[in-house]
Number of protein chains: 2
Amino acid sequence: MSTADFQAGIARISDILCTLNLLAWDGRTMMPPGGVDARAEQVATLTMIARDLATGDALARAMDGAREKLAGAEPGDLRLRALDQAEREIAMLSAVPPEITAEMAALKTRAHSAWVEARADNDFAAFAPLLDRMMRMQRRVAEAIGGVIGAAHPYDAMVAQFEPGMTWDRLQALYAALKAGIAPLIRRAREAGEPRHDFMTRPFPIPAQRAFGLRMAERMGYDLSRGRLDDTVHPFEISFTRADVRITSRFRETWHPGGTFALWHEAGHGLYEQNVAPEFSRTIFATDLVNLYAVGGASFGMHEAQSRMWENRVGRSRRFWELHFGELRDAFPDQLADVTHEEYWRAVNRLRPDFIRVEADELTYDMHIILRSEIEAGLMAGELDVRDLPAAWAERMRDLLDLDVPDDARGVLQDVHWSHGYVGSFPTYTLGNVMSSQLFAAAKQSPGVAEGLDSGDYAPLAGYLRENVWRWGRASTPEETLRRATGGPLDPAPYLADLAAKVDALAA
Amino acid sequence: MSTADFQAGIARISDILCTLNLLAWDGRTMMPPGGVDARAEQVATLTMIARDLATGDALARAMDGAREKLAGAEPGDLRLRALDQAEREIAMLSAVPPEITAEMAALKTRAHSAWVEARADNDFAAFAPLLDRMMRMQRRVAEAIGGVIGAAHPYDAMVAQFEPGMTWDRLQALYAALKAGIAPLIRRAREAGEPRHDFMTRPFPIPAQRAFGLRMAERMGYDLSRGRLDDTVHPFEISFTRADVRITSRFRETWHPGGTFALWHEAGHGLYEQNVAPEFSRTIFATDLVNLYAVGGASFGMHEAQSRMWENRVGRSRRFWELHFGELRDAFPDQLADVTHEEYWRAVNRLRPDFIRVEADELTYDMHIILRSEIEAGLMAGELDVRDLPAAWAERMRDLLDLDVPDDARGVLQDVHWSHGYVGSFPTYTLGNVMSSQLFAAAKQSPGVAEGLDSGDYAPLAGYLRENVWRWGRASTPEETLRRATGGPLDPAPYLADLAAKVDALAA
């Protein structure tokens, strides 16, 4: 019976976390402006209930009971694995003293306002004191979680919340390989000059953009009977079990690739969630107790690998536009009358270094991530002081992208993350990029996948990912998932090869 | 401190109930079809948590502590009133054994399916066994709640869940007066014949219907910065505190008054919720613990009084269309080119008895309610057997509306309520009608209200209702609210006068 108690306890927490996701989704899509404060109370109450249930005695007793029942179970038994995983996540969740969580939540609102003002005024000094307080608290979080997971570096604890098993040591090795591999590609891309892109800013009516983007997302496998698409300023994907997985995008009339590629990116996330094994719904294998978040993906990085694959490996491939540009032109005959599929493909792959991460191209994006990771690691280790951030930022921007930061608004103040106290999630973007190429390369070796990509049939690729990645949810670590799908560990070579091939093709 | 604990306990329950309302709203407006089962789990889990918190020891201790602290408080102290109200509602909630609640919830799905089939097949006998089980359980509910409130008749307990203080005895007296008053009006209306209404079924594009309806709702006072309008098959209003009060309507291109009047009806509900005193948010004065429902209105009947007032007393008045028909015609110049405001007013007040409650006109609607109330009271008292319902229905339909029921689908099987186990809420529709006229008559005596109605300025009416009804939320019983606003108790005379005046005007 105790195994059932454990399962029921997790199911109940999962229901609350799914509901919290709905509160968040509604707050970003549907809620009238007046609802903000009441919504914050509702979110706080439900979060506290979920936290109390996860760290409470009843669940602990149920887990002890389940552990006894499973004394004779095989080591690979999923029920044992569920217990181990719940214990590990609850230990991390419990490690952070509630007063720090409460203090950070209170500080967040003030820090966010200060950041908004500081960015508008281009005045880092005005934001620095609050950022300093936030980072001091995050150092205490790093210490607390670090103690539980036995972290070698304070940044390990921050990263582990989003990417189980990842360390600053391993990230540094990866980053070194990426820097070495990408730097010459950036130089080559700069020399090659820019493709024609005048047609990108012509007016493309938004309903037709949405219809085209959604039709392609459905062809990729996104199931609208268990999903929906809405418009938000910042696109995102969120799920309330695999049965209800929603995505958003942001369409602009005079910059149509923005909304379309964001849609495919989010649909990639959505595909992962929609294809987690049904029996994992309402279990620890579709629940993230560390972040108190209902999610089926193994980690933030593995999630990003799916979104990046459909956005970049599939959606920005030459073959994709050979196959589908005709459909796009049917939807926008006037706007694209004088454009070839080759020109269109080149335009959506335009490479040009930029100060701003969210506008970075595929080649330079990881440099932005490396910059932030190094700064975060320095802050967590106490080797970097908040007041030195603008200089540290400018120095790395020169090293990595050969750009001179014009001001703090376009430098250290550009991202919202730190004002919210988010530290440790940036690396998962680059991990996602790297893994997307590994998975894509492995998938293409599987029968039917390459042929499918060549003919515009994406079911074989989706089928491969479903079997080897998606359906496993959080029942495998990201590393196990990667090994199952690719046969090997994290490896930047396929990603660097993809980037090099793209630079070659664009230069030709 | 203990008063604070009590308040915090209710605030937490209120947050959960607001969230449950969001789960319900989303399920009826936004949720993809695949999400149904997962949503049911989420609703069940949150309902159980709210119920456990409301009936649990922690809240009981906090209430005992608060009671001690308030030992010396004045009898009218709102804090005492809050305690009394919470105690009374929790006693009713606790009275129903959880196993009955669970059994009814389980039966509901089967009974609903059986009802859908039976209605399609016009086969009451196929639904009767499940309905019988449902009613047996509801009799046990009536017994349990009846014991707590000291009910004189089993139906009292059912009605009290929706209308505190109302009894079958009082309802019967009211119904007798309505039957006596309305029967001659129905005869007169039949004799007067039907007005011109050919233009009602012309095509009216829905976006323009919505825009006109919403513009008028805003003029009535509905605040879109704390609300929104969506489309659903069955229109409703629902709130997540006064800061977020949403309404829905159902627009049909070839029956435009349907969507418009439904919108004003729901906006009337919305006005009530949006104008409950801000300090009542997250307190027992904006929380219904009997029904585990976040709502600021004093009762279902008082809520309906607001919606009916704006829909019928204001929206179907002759003056309203003298003032606003021009705007409607501006929106639909072709469709209304050959129509006068007088013709339009007559058309939206067309009186004709119908078998179907939801399509009934203003004059005959209450007869449908009386019919259902008598049957429900008979079932609860064990005086009427489920298998006798078709005959009982037909007999009353002849008595009350002089109509011969053609079949069970258009008779006893027409409403969804009983399949869900809802018993006792029908009378609140008629109570709402009656009180809407009482409140409207009283409001017109207040300075500026009649002049406002005459000039199309609805702020004075809204102001009167805000001061005398809306802002009091659930801190007054419906009876106290009615006395405050009108100076007297429930009284059908103003309603009968309004109906008679309308019949007179239409016959002229």
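The values are calculated or read from the model by the stated rules, or taken from the named source; none is laboratory data. Note that this is a predicted model, so its numbers are computed, not measured. Heads up, the Cβs are rebuilt from the backbone with ideal geometry, glycines too, and the neighbour counts pull from every protein chain shown. For the accessible areas, the whole protein counts, side chains as well, though only heavy atoms, and no ligand, DNA or RNA atoms are used. Shrake-Rupley method; radii C 1.70, N 1.55, O 1.52, S 1.80 Å.
Within region B:181-261, the percentage of alpha carbon pairs spaced more than 14 angstrom apart rounds to 70%. Both numbers refer to the Cα atoms of region A:347-488; Rg and Dmax are 18.9, 55 Å.
Given +1 at the Cβ of Lys and Arg, -1 at the Cβ of Asp and Glu and no other charges, the dipole of region B:444-508 around its Cα centre is 280 debye to the nearest 20. Computed from label points 7 Å out along Cα-Cβ, the spacing between B:Thr55 and B:Ala126 is 3.6 nm.
Per the Debye calculation on region B:77-129 with a single equal scatterer at every Cα and no solvent contribution, log₁₀ I(q)/I(0) for q = 0.30 Å⁻¹ amounts to -1.01. By the helix-only formula, in which each DSSP H run with n ≥ 4 contributes -39500 (n - 2.57) and the sum is divided by residues, chain B has a 222 nm mean residue ellipticity of -20500 deg cm²/dmol.
Summarise the accessible area of chain A (1.4 Å probe, protein heavy atoms) by the percent that is carbon and sulfur. On chain A, the fraction of accessible area on carbon and sulfur atoms equals 52 percent.
Distances, shortest first, from the label point of A:Glu194 to those at the same position in the other copies read 6.9 nm; the point lies 7 Å along Cα to C-beta. What the pair-distance distribution of region A:1-72 shows, using all Cα-Cα distances binned every 10 Å from zero, is 19, 37, 22, 15, 6, 1 percent. Using R0 = 25 Å, the C-beta based FRET efficiency linking A:Val36 and B:Ala459 works out to 0.45. For the pair region A:448-473 / region A:167-225, the C-alpha centres are spaced 20 Å from each other. Comparing the full protein assembly with the isolated chain, the residues of region A:9-32 losing at least 50 square angstrom of accessible surface (1.4 Å probe) are A:Arg12, A:Asp15, A:Thr19, A:Leu22, A:Met30, A:Pro32. Taken about its Cα centre, chain B carries a charge dipole of about 560 debye when Lys and Arg each add +1 at the Cβ and Asp and Glu each add -1 at the Cβ. Excluding ligands, DNA and RNA, the accessible surface per residue across chain A is 39 Å² with a 1.4 Å probe.
The contact between chain B and chain A removes approximately 2700 Å² from the accessible area (both sides summed; 1.4 Å probe; ligands, DNA and RNA excluded). The other copies place their B:Glu103 label points at 5.4 nm from this one, listed shortest first, where each point is 7 Å from Cα along Cα→Cβ. Stretching the chain fully between A:Ala505 and A:Asp404 yields a gain of 33.5 nm (0.36 nm per residue, less the alpha carbon separation). The alpha carbons of region B:62-209 give a radius of gyration and a Dmax of 23.7, 68 Å, in that order. Kirkwood hydrodynamic radius computed over region A:406-508 comes to 16.1 Å, based on all pairs of distinct alpha carbons. Direction-averaged projected area, Cα convex hull, the protein assembly as shown: 45.1 nm², rounded to one decimal.
Overall dimensions of chain B, expressed as equivalent-ellipsoid semi-axes from the Cα gyration tensor (√(5λ), whole Å, largest first), are 35, 29, 23.
At q = 0.15, 0.24, 0.30 Å⁻¹ the log10 of I(q)/I(0) for region A:127-182 amounts to -0.53, -0.87, -1.05, computed by Debye summation with a single uniform scatterer per C-alpha, solvent ignored. With 40 Å² as the minimum drop in accessible area between chain alone and full protein complex (1.4 Å probe), the qualifying residues in region A:192-239 are A:Ser225, A:Arg228. Comparing Cα centroids, region A:66-123 and region B:39-107 end up 32 angstrom apart. Between region A:1-29 and region B:321-361, what is the C-alpha centre distance in whole Å? Taking the Cα centre of region B:321-361 as reference, the centre of region A:1-29 is 48 Å away. For A:Pro278, inter-copy separations between label points set 7 Å beyond Cα along the Cβ vector come to 5.0 nm, shortest first. Legend: translational diffusion of region B:347-388 by Stokes-Einstein, Rh = Kirkwood radius over C-alpha pairs, 25 °C, 0.890 mPa s; D = 211 µm²/s.
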